[in-house]
1. Select from the stretch B:13-32 the residues that are within 12 Å of the chain's Cα centre (by Cα) and not in a loop (DSSP other than H, G, I, E, B) and write down the one among them that is farthest from B:ASN99 (Cα to Cα).
2. What's the total number of residues in the stretch B:52-66 that are exposed (fewer than 14 other Cβ atoms within 10 Å of the Cβ) and among the charged types (D, E, K, R)?
3. Going by what's in this entry, would A:LYS14 be described as of a type in the set (D, E, K, R), within 13 Å of another protein chain (Cβ to nearest Cβ), more than 22 Å from B:GLU44 (Cβ to Cβ) and touching a strand residue (DSSP E or B) at 6+ places or on another chain (Cβ under 9 Å)?
4. Please verify whether A:THR102 is modelled with pLDDT under 95, within 11 Å of the chain's Cα centre (by Cα) and within 14 Å of chain B (Cβ to nearest Cβ), treating the condition exactly as stated.
5. Of all residues in the stretch B:1-42, how many are surrounded by fewer than 18 Cβ atoms within 10 Å (Cβ to Cβ) and either touching a Lys or Arg at 6+ places or on another chain (Cβ under 7 Å) or of a type outside the set (Asp, Glu) (or both)?
Amino acid sequence: DTGVSQDPRHKITKRGQNVTFRCDPISEHNRLYWYRQTLGQGPEFLTYFQNEAQLEKSRLLSDRFSAERPKGSFSTLEIQRTEQGDSAMYLCASSLVSGWETQYFGPGTRLLVL
Amino acid sequence: AQKITQTQPGMFVQEKEAVTLDCTYDTSDPSYGLFWYKQPSSGEMIFLIYQGSYDQQNATEGRYSLNFQKARKSANLVISASQLGDSAMYFCAMRATGNQFYFGTGTSLTVIP
């Protein structure tokens, strides 16, 4: 399977704990995006990388959130001191820098903060 | 500001019939792209179809077509010959200048046998 993969698929954690999610994009894709999706809403942009450079961050991304893409391949999204409001689906997408960059999404990581 | 509006929270369609899912957008950028994604209950967003703002013809991909009316700022998705497997959430999205994608709130489609 050469699609976008995410790990883990589900995560349950207690408030105040740190969590880290991983995304492996389609291999030749140089852009990688993170989104958050809450129930009944469309995905909301969090941040994106072009190769290893983080080029844009949403104001939704508080200082408890950090993302990395150290070698321009996989990416991690860490949430520190989780809050109940962080419960959501976290989606990763990748694209090629060409044309209008159709984004291809992974299956998502569903986070539940108790 | 960029905005996508989907006004139909839920739609029903009989199997084998066609259905139109509405999407309107707002942008002041002259160049933009419009996308439709399908999200089954499993959660993965599946790319369906894309329309560029300068494209003269409406996009088609198999049973999916995009009814693009630029003056009205609408980009409706038409699904022909609905199948049970089409039951899912459908999201309209837009990318203008800059690199963010803006998504609507989605339409839940149920195909009735």
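1. Just the residues of the stretch B:13-32 that are within 12 Å of the chain's Cα centre (by Cα), to begin with: B:19-25.
Subsequent filtering for residues that are not in a loop (DSSP other than H, G, I, E, B) retains B:19-21, B:24-25.
Numbers: B:VAL19: 31, B:THR20: 28, B:LEU21: 25, B:THR24: 20, B:TYR25: 17 Å.
Of everything passing the filter in the stretch B:13-32, B:VAL19 is farthest from B:ASN99 (Cα to Cα).
2. As a first pass, look at the stretch B:52-66 and keep what is exposed (fewer than 14 other Cβ atoms within 10 Å of the Cβ): B:54, B:56-57, B:60-62.
Subset that is among the charged types (D, E, K, R): B:61.
Count: 1.
3. Values: of a type in the set (D, E, K, R): yes; within 13 Å of another protein chain (Cβ to nearest Cβ): no; more than 22 Å from B:GLU44 (Cβ to Cβ): yes; touching a strand residue (DSSP E or B) at 6+ places or on another chain (Cβ under 9 Å): yes.
No; evaluated as a whole, the condition is false for this residue.
4. Details: modelled with pLDDT under 95: yes; within 11 Å of the chain's Cα centre (by Cα): no; within 14 Å of chain B (Cβ to nearest Cβ): yes.
Here the answer is no, as A:THR102 does not meet what is asked.
5. Quick first cut of the stretch B:1-42, residues surrounded by fewer than 18 Cβ atoms within 10 Å (Cβ to Cβ) only: B:1-3, B:5, B:7-12, B:14-18, B:20, B:22, B:24, B:26, B:28-31, B:40-42.
Restricting the remaining residues to those that are either touching a Lys or Arg at 6+ places or on another chain (Cβ under 7 Å) or of a type outside the set (Asp, Glu) (or both) gives B:1-3, B:5, B:7-12, B:14, B:16, B:18, B:20, B:24, B:26, B:28, B:30-31, B:40-42.
Matching residues across the stretch B:1-42 total 22.
Every residue, every condition in (1) within 12 Å of chain A (Cβ to nearest Cβ); (2) polar (S, T, N, Q); (3) in contact with a Gly (Cβ under 8 Å, 6 or more places away or on another chain), yes or no:
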{"position": "B:SER42", "(1), (2), (3)": "yes, yes, no"}
{"position": "B:SER53", "(1), (2), (3)": "yes, yes, yes"}
{"position": "B:ASN58", "(1), (2), (3)": "no, yes, no"}
{"position": "B:ARG63", "(1), (2), (3)": "no, no, no"}
{"position": "B:SER80", "(1), (2), (3)": "no, yes, no"}
{"position": "B:ASP86", "(1), (2), (3)": "no, no, no"}
{"position": "B:TYR90", "(1), (2), (3)": "yes, no, yes"}
{"position": "B:THR97", "(1), (2), (3)": "yes, yes, no"}
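Every residue, every condition in (1) farther than 22 Å from A:LEU91 by Cα; (2) among the polar types (S, T, N, Q); (3) touching a His at 6+ places or on another chain (Cβ under 6 Å), yes or no:
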position	(1), (2), (3)
B:PRO30	yes, no, no
B:PRO40	no, no, no
B:GLU61	yes, no, no
B:ILE79	yes, no, no
B:CYS92	no, no, no
B:ALA96	no, no, no
B:ASN99	no, yes, no
B:PRO113	yes, no, no
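Here is a yes/no grid of residues against (1) assigned to a loop (DSSP other than H, G, I, E, B); (2) more than 8 Å from chain B (Cβ to nearest Cβ); (3) modelled with pLDDT under 95:
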residue: A:LEU39; (1), (2), (3): yes, yes, yes
residue: A:TYR48; (1), (2), (3): no, no, yes
residue: A:GLU56; (1), (2), (3): no, no, yes
residue: A:ASP63; (1), (2), (3): yes, yes, yes
residue: A:THR82; (1), (2), (3): yes, yes, no
residue: A:LEU111; (1), (2), (3): no, yes, no
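The values are calculated or read from the model by the stated rules, or taken from the named source; none is laboratory data. Being a predicted model, the structure only gives us computed values, none of them experimental. With ideal geometry, Cβ positions are generated from the backbone for all residues, glycine too; neighbour counts draw on all protein chains shown.
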